[in-house]
1. From the set of residues in segment 181-233 that are in contact with a Cys (Cβ under 9 Å, 6 or more places away or on another chain) and part of a loop (DSSP other than H, G, I, E, B), which is farthest from N58 (Cα to Cα)?
2. Looking at F404, F435, which one is surrounded by 20 or more Cβ atoms within 10 Å (Cβ to Cβ) and not β-branched (V, I, T)?
3. Any idea which of (1) at pLDDT 90 or above; (2) farther than 29 Å from T341 by Cα; (3) of a type in the set (A, V, I, L, M) is the one I229 doesn't satisfy?
4. For Y153, are the conditions met, namely being of a type outside the set (V, I, T) and either surrounded by fewer than 15 Cβ atoms within 10 Å (Cβ to Cβ) or at pLDDT 75 or above (or both)?
5. Among D345, D373, which is touching a strand residue (DSSP E or B) at 6+ places or on another chain (Cβ under 6 Å) and among the charged types (D, E, K, R)?
6. Could you check L97 against (1) without any contact (Cβ under 8 Å) to a residue 40 or more places away in the chain; (2) surrounded by 15 or more Cβ atoms within 10 Å (Cβ to Cβ) and say which number it fails?
7. So which residues in segment 3-50 are at pLDDT below 80 and under 20 Å from the mean Cα position of the chain (by Cα)?
8. Identify, by number, the condition in (1) surrounded by fewer than 18 Cβ atoms within 10 Å (Cβ to Cβ); (2) within 27 Å of the chain's Cα centre (by Cα); (3) modelled with pLDDT of 85 or more that Q454 doesn't meet.
Amino acid sequence: MINYKESEEPIRIDIQHTWVNRYIIDDGSLAVAHKIWGDNMWLITPNMQVARVLQKNNITQTYAVSAFRNSKVDFNTTDKLIEAWESKNKDSIMQILGEVENFHIQLLTEILIESPESETELLLKYAKKLFFEYKKSLSNEFSSEFCDKAHDYTTWVSKKCFSLLWIGEVIAAKVFVKYLRYKNINAQYVDTTQLQNLNRWNLWVSVEAFLWNKFSEICANDPLAIPIIPWFIWWIQWGILPLLWRWYTDYTASRSAVALYDNGVYNQVLLYIQKLYGFKSTDPRILWERDSEAVSVNNLSYELVSRAIWHKGAGAWLINAHSIDERIKSRAIKILVWNPTDDSDKALIDKDWNILSSWVQLVLWRDYNWWSDDWVYWRQSQNTDWNHNVYLMGENMSDLWKLFKMVTQILRNIWIEESWWQIKMWPKWEISLVFRDKETALAWQVALHNHFIQK
């Protein structure tokens, strides 16, 4: 993988590099719903270049923006904000919010190191101003009565409902808007706090209708203006975290794609999810320390990806499960997963799969969870804190008993023994095993990945 920051010469993004060019047709229009940031916050310059080149080709764009991340630093903004609210203590909240601000300012300083000094100073000043406004609001008296996960860690500040949980996303989105405007790109912030009192049973339709109305308002003045959406949608009945889990920027982006598609303005809509690692055969971070590399998977079906991510992520850390739902599948909206610093790391997810592929494509790991796994492996809830799962998946895996015999032989060769196993034949074939601890599971994952995918 090429690191944009470390490469000798920055990649110059053109329309061919984006993969979007293959979907441009002479007699129709195209819209792209992007999801960006998280770890690929480092790619702010390529992100801007993508926005510019698509705009020059008259392609409508929207962006769902997540909080800043730095894979080199053990700091998660959302985790920190949840920690702040769970303390239910004003001093702790203010202290942690200060830590979040320091992280953002330091990261922005590093990311913008190649930008003009005047531009960097203005962006840093703007980010500090946003944090100051939020801290000032929270310095007032507040109530912790409903400050819990089911209410998105929301409290009342000066008779106004306030969720600290969305601060990271709001600041990230507003900073991106400001950055694009410095580059003479007309970006417009979408205020999702106007979405309120959402029923979880019609959430999808409500969000899509809201987004389309906002897109229409913005594009009425400038058809190529780019709406920028913070991924956090609050005021959902019983909270967004219990309903959608984490990493739901993908969900907001997918709702944007459906909103664009359903209004019939565009002949084709793409959901464009930017991930630092693209889409890999396994979590690449597991292999980095073992002198091995995950393999880019460039074409996948909705079905295979859905199975992988519905296994609670399965160690792939790829896409939120709710982003590839029936509303995306029924409209055959193609999904591109891409790291814009690496030409090889583009994946296309759509309704088709390679019927000729009969081998293992994904080797995934995740923690064992008793409430979702005990019934699968015919177990009772006991000592499950020390168990871990590994999956072998493919588009059209065949002869599973033969594959299973190969798996067990490889395990014996490296003196590893599984606790439980399952061969699944419906709706698609896969093999999964349970191991007694994480280190054993990861050792098996590496061994099987090397055998089935890298040999």
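The values are calculated or read from the model by the stated rules, or taken from the named source; none is laboratory data. Only a predicted model underlies this, so the values are computations on that prediction, with no experimental measurement involved. Cβ sites come from the backbone with ideal geometry, for glycine too, and all protein chains shown count toward neighbours.
1. Only one residue tops the list, namely Q196.
2. Values: F404 fails: surrounded by 20 or more Cβ atoms within 10 Å (Cβ to Cβ).
Going through F404, F435 in turn, the sole match is F435.
3. It fails just one condition, (2).
4. Here the answer is no, as Y153 does not meet what is asked.
5. After ruling out the rest, the residue left standing is D345.
6. (1)
7. N3, Y4, W37, G38, D39, N40, M41, W42
8. The single condition Q454 does not satisfy is (3).
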